[in-house]
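Q: Provided herewith is a single structure, encoded as structure tokens, for subsequent inquiry.
The values are calculated or read from the model by the stated rules, or taken from the named source; none is laboratory data. In this text the structure is predicted, and so the values were computed from the model without any measurement. Here the Cβ is made from the backbone with ideal geometry for all residues, glycine too, and neighbour counts use every protein chain on show.
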Amino acid sequence: MTVSTGTEARGVGAPDGIGVPVEQTLVGLGRSLRLALLHGREEASRRAAGQLALASGAEVVARIRATDPRSFVEAAQALRDARPDVVVIQGGPKDQDALAEVLEALRLGCGAQQPLPRIFGLVDTGVAHALRLHADPFEFERFAAASELIEAIRAVRRAGTEETELRDTVIEDGARALATTNGTTALAVDVTERSTSLVLARADGRVEAAHFVPLGLGMGADHVVVRASLDNVRRWLPWPIDAPALLERVFNRPRRPGDVATTEAAVLLEMALAREAIAHALRDAADAGLDVAAMRSSPAILITGRVASLPKAGQSLLVLVDGLEPSAVSTVFREPDEGRAERIGMVVPVTPRKSAKIKIVRASGRSVARVDPGTFGLVSIGDDVDVAVNGAGIRGHGRSGELGVLIDARGRPLWLPERDGERIPTVARWHAALQAIADDGSPT
Amino acid sequence: MTWRREQWSADHSLPIGVTKRAAVGELVRAGDIIAAGATLAAALRVPGARRLGLSPSDFDRELRVRVGSDVVTGTVLARVGRRFARSVTAPIDGRLLHVTVDGDLYIAPIVDRWTVRATLDGVVSRSDDAIVEIEGEAWCFQGAAAYGPDAIGELTLGVDGPNADLAPTRIDVRLSGRIIVGGARVSAEAITRAHACGIAGLVAGGVPPAGLRVVYGDAVTASGSPSRDDRPTVLCLMGFGSVSLPAAVYQPFAALAGARAAIHTGSARLFVFSTADIGRIETPSPDVAAKGEGPAAYAPVDRADADADEGEADREEPVQSDEELSPSSNDPSPAER
């Protein structure tokens, strides 16, 4: 199976496989689309607006609730400082008056902005009619469905260059293709220089997508630290490093866009950042009401972007299991930007309270693996064979890839010791289990 | 990353509450006040058109006070009728800030005043309530990131060489109002001391991000954080940490020392206003020399190319010109509206 998520979209107007360039996360303007969210007082409205923002692949620069405690002047100043390209409004009839007042703040704050922001509303016809009056001089467009609004935002990102393929749509197509091929739910996890995406595709073609910008390994690395905290990034490194030195490495990453990590230290730092980017993306996706449980229990998972381009397949797999914390048997694929998709392994997460046994059944026979709490390691099972597992509260089947079957009995949520003396050996052992680190565990 | 002398533009974002601003076509010098206004507290919404029994579209004609004007309690804001007159008056002292589509008025009390100063010698090319943009010619170095408010002052070397760190002990109040070139690195201690001593801004090859977090908070990122509040101004020229300045970058600083300069934090640029000929300056692109996980490092170019002719330097004294402001053209009079 091949799902194109690379820098060249295969088959798009190019039968020989070299297609049009895939835009990363930039819009035709040459930068991220800046999005301001105005939503109603209800929790459902906040979540709906959050889902729109995540699906659109835009950078959220301001968020104002109908019952925002900020004063009129403060709201107007916040919107002026945010300089949004698009303002998305979501709310019900009860929020009409409050949203009208926020629109007045928008008129005061952004009335002189050039070009003026466009307003996209996901509201009832009646609410749209009332709000449109308050939107002058901004262009106000109402959409009946979230999918239409998201498509309109993507059209703005393309800025009239329709032949440009947005990376997020390519990732979504990839997840959809995997779900259709397997006939199950599929998850695509994409981490690039400045974006992190989680796309859950169901067998019937429905998609739940969350694209986070800026949050990545290069241009977005500093944002990972700001959002997830430096200590949360540092805890994944299998060697001691003081906070200022780590912060310096992270802050200098955006200065060298496109650099490929060549040293083991750089690779391990990328892995640490990627884990936190994925974990943070999951938290935000859960906050927006996306089905994170379904993401974690997806039977097929596709890794793309920089994480898929890590030198060893074990490194990609380790980032995935640490960041995503899968809760069901999953077959994991990875597709580097410049390569083909490959099956790299099968993850079997178990949470035994005491020693347990797992039956592993394949065409050539069956075996039993003994699992203790905290066990983390690969079971060699042969390249790319059908495997069924049963026992210790887990049951499922999949295909082993080049790495085999990964038994993960570390428990959920994943917990790391706080003291360096305990944490570093633990993390180093996990790295070693997937051949993701040199034998001596030291950075090179 | 190159020293270049050419035509540049610098935009200056304005806070809400602008009172006066420079007009398009006006000549300004770096440091001149190009806009002034009021800092406003929570606004009060006053019924307007409904109170006068007018439609919102007719209400504008009856306004007696221009939007953006200061008012005192009891000021008649709008009025209709003669014998049985109805009027809307200001309930508080403050600024008539905004008229809604419904014909209501927002009045906000004034709690402070603000000014925005030019960071470029040149001509105002755009002026509205959101931005004043200036176009002009200057020597410019595009930095990596900038933090804090814009700064204007005399460029002063604070180190003896391009590899030296700026020692906090070299900063004192005698350097107040100047932009100090800090060599390879400025520490958080140097930044806070410089701010306390009234230094306008600091320029250095690199700044430790941990120090930036101490000064600007944990939310600071590598893309900079321009602001308007009273904070130190820092311009990172090459990256983060300690980054020695290549000769092609450092020697022009020596040649331009004493000239007026400005840090435009929005674009992370250092403008220097001098007619000095510092030669044809070229530095390698970042991908040539920046390798590994450390801060970007740049190989020095041919010294002859970078040598500046200090003797011909035409140094200008920092001068603050008189304020010359015009009313905001986005605040039309009631008749115009």
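Q: On the basis of being basic (Lys, Arg), free of Cβ contacts under 8 Å to residues at least 24 places away in the same chain and part of a helix (DSSP H, G or I), does A:ARG227 make the cut?
A: No.
Q: I need the full set of residues from the stretch A:214-241 which are surrounded by fewer than 20 Cβ atoms within 10 Å (Cβ to Cβ), more than 9 Å from every other protein chain (Cβ to nearest Cβ), of a type outside the set (Lys, Arg) and more than 26 Å from A:SER56 (Cβ to Cβ), in order please.
A: A:ASP231, A:ASN232, A:TRP239, A:PRO240, A:ILE241
Q: A further question follows. Here are A:VAL260, A:VAL319, A:VAL292: which of them is within 14 Å of chain B (Cβ to nearest Cβ) and farther than 14 Å from A:ALA221 by Cβ?
A: Residue meeting the stated conditions: A:VAL260.
Q: Among the residues of the stretch B:204-243, write down those that are assigned to a loop (DSSP other than H, G, I, E, B), closer than 30 Å to A:ILE241 by Cβ, more than 10 Å from chain A (Cβ to nearest Cβ) and in contact with a Gly (Cβ under 6 Å, 6 or more places away or on another chain).
A: B:ARG231, B:PRO232
Q: Do we have A:GLU162 as at pLDDT below 95, of a type in the set (D, E, K, R) and closer than 26 Å to A:GLU151 by Cα here?
A: Spelling it out, A:GLU162 is indeed at pLDDT below 95, of a type in the set (D, E, K, R) and closer than 26 Å to A:GLU151 by Cα.
Q: Which number in (1) within 28 Å of B:GLY143 (Cβ to Cβ); (2) buried (at least 19 other Cβ atoms within 10 Å of the Cβ) marks the one condition that A:ALA266 misses?
A: Going through (1) within 28 Å of B:GLY143 (Cβ to Cβ); (2) buried (at least 19 other Cβ atoms within 10 Å of the Cβ) one by one, A:ALA266 breaks only (2).
Q: Still on this model: Among B:ALA36, B:ALA49, which is crowded, with 22+ Cβ neighbours inside 10 Å and touching a Phe, Trp or Tyr at 6+ places or on another chain (Cβ under 9 Å)?
A: Result: B:ALA49 is the single residue among B:ALA36, B:ALA49 that is crowded, with 22+ Cβ neighbours inside 10 Å and touching a Phe, Trp or Tyr at 6+ places or on another chain (Cβ under 9 Å).
Q: Additional query: Restricted to the stretch A:342-392, and to residues that are in a loop (DSSP other than H, G, I, E, B) and under 28 Å from the mean Cα position of the chain (by Cα), which residue is surrounded by the most Cβ atoms within 10 Å (Cβ to Cβ)?
A: A:VAL350
Q: So which of B:LEU40, B:LEU14 ends up being touching a residue at least 12 places away in the same chain (Cβ under 8 Å), in contact with a helix residue (DSSP H, G or I) (Cβ under 8 Å, 6 or more places away or on another chain) and either over 28 Å from B:ARG178 (Cα atoms) or within 14 Å of chain A (Cβ to nearest Cβ) (or both)?
A: B:LEU40
Q: Sort out which residues of the stretch A:339-392 are among the small types (Gly, Ala, Ser), within 19 Å of A:LEU414 (Cα to Cα) and touching a residue at least 40 places away in the same chain (Cβ under 8 Å), and write them in order of number.
A: If the condition is that a residue be among the small types (Gly, Ala, Ser), within 19 Å of A:LEU414 (Cα to Cα) and touching a residue at least 40 places away in the same chain (Cβ under 8 Å), then A:GLY377, A:ALA392 are the ones that fit.
Q: Here are some residues: A:LEU99, A:LEU79. Which one is touching a residue at least 60 places away in the same chain (Cβ under 8 Å), surrounded by 24 or more Cβ atoms within 10 Å (Cβ to Cβ) and within 14 Å of chain B (Cβ to nearest Cβ)?
A: Details: A:LEU79 fails: touching a residue at least 60 places away in the same chain (Cβ under 8 Å).
Result of the check over A:LEU99, A:LEU79: A:LEU99.
Q: Restricting to the stretch B:239-258, what's the tally of residues that are within 18 Å of B:ARG29 (Cα to Cα) and crowded, with 24+ Cβ neighbours inside 10 Å? If you could, list the steps in order and put the result at the bottom.
A: Here is the first cut: in the stretch B:239-258, the ones within 18 Å of B:ARG29 (Cα to Cα) are B:256, B:258.
If we keep only those that are crowded, with 24+ Cβ neighbours inside 10 Å as well, we get B:256.
Total satisfying the criteria: 1.
Q: Check off (1) farther than 17 Å from A:ARG194 by Cβ; (2) without any contact (Cβ under 8 Å) to a residue 12 or more places away in the chain; (3) within 14 Å of another protein chain (Cβ to nearest Cβ) for A:ALA286 and give me the number that stays unchecked.
A: Of the numbered conditions (1) farther than 17 Å from A:ARG194 by Cβ; (2) without any contact (Cβ under 8 Å) to a residue 12 or more places away in the chain; (3) within 14 Å of another protein chain (Cβ to nearest Cβ), the odd one out for A:ALA286 is (3).
Q: Then there is this: Taking A:ARG132 as the residue in question, decide whether it is touching a residue at least 12 places away in the same chain (Cβ under 8 Å) and charged (D, E, K, R). First the steps, then the outcome.
A: Numbers: touching a residue at least 12 places away in the same chain (Cβ under 8 Å): no; charged (D, E, K, R): yes.
So A:ARG132 does not fit the description; no.
Q: Here's a check for you: in the stretch A:102-129, which residue that is out of contact with any strand residue (DSSP E or B) (no Cβ under 7 Å at 6 or more places or on another chain), of a type in the set (A, V, I, L, M, F, W, C) and facing chain B (nearest Cβ under 10 Å) is surrounded by the fewest Cβ atoms within 10 Å (Cβ to Cβ)?
A: A:ALA112
Q: Filter the stretch B:131-166 for residues that are surrounded by 24 or more Cβ atoms within 10 Å (Cβ to Cβ), in a loop (DSSP other than H, G, I, E, B) and of a type in the set (A, V, I, L, M, F, W, C) and give the result.
A: Those that are surrounded by 24 or more Cβ atoms within 10 Å (Cβ to Cβ), in a loop (DSSP other than H, G, I, E, B) and of a type in the set (A, V, I, L, M, F, W, C): B:ALA144, B:LEU166.
Q: Scan the stretch B:102-117 and tell me whether some residue there is buried (at least 16 other Cβ atoms within 10 Å of the Cβ), of a type in the set (Lys, Arg) and touching a strand residue (DSSP E or B) at 6+ places or on another chain (Cβ under 8 Å).
A: Yes, the stretch B:102-117 has at least one match.
Q: Pick from the stretch B:17-33 the residues that are surrounded by 21 or more Cβ atoms within 10 Å (Cβ to Cβ) and of a type in the set (A, V, I, L, M, F, W, C): which of them is farthest from the other protein chains (Cβ to nearest Cβ)?
A: B:ALA30
Q: Please pick out the residue among A:ALA245, A:ALA209 that is more than 24 Å from A:GLU418 (Cβ to Cβ) and either modelled with pLDDT of 90 or more or away from chain B (no Cβ under 14 Å) (or both).
A: A:ALA209
Q: Just to be sure, is B:TRP3 touching a Pro at 6+ places or on another chain (Cβ under 6 Å) and closer than 30 Å to B:HIS264 by Cα?
A: Considered against the rule, which asks whether it is touching a Pro at 6+ places or on another chain (Cβ under 6 Å) and closer than 30 Å to B:HIS264 by Cα, B:TRP3 comes out as yes.
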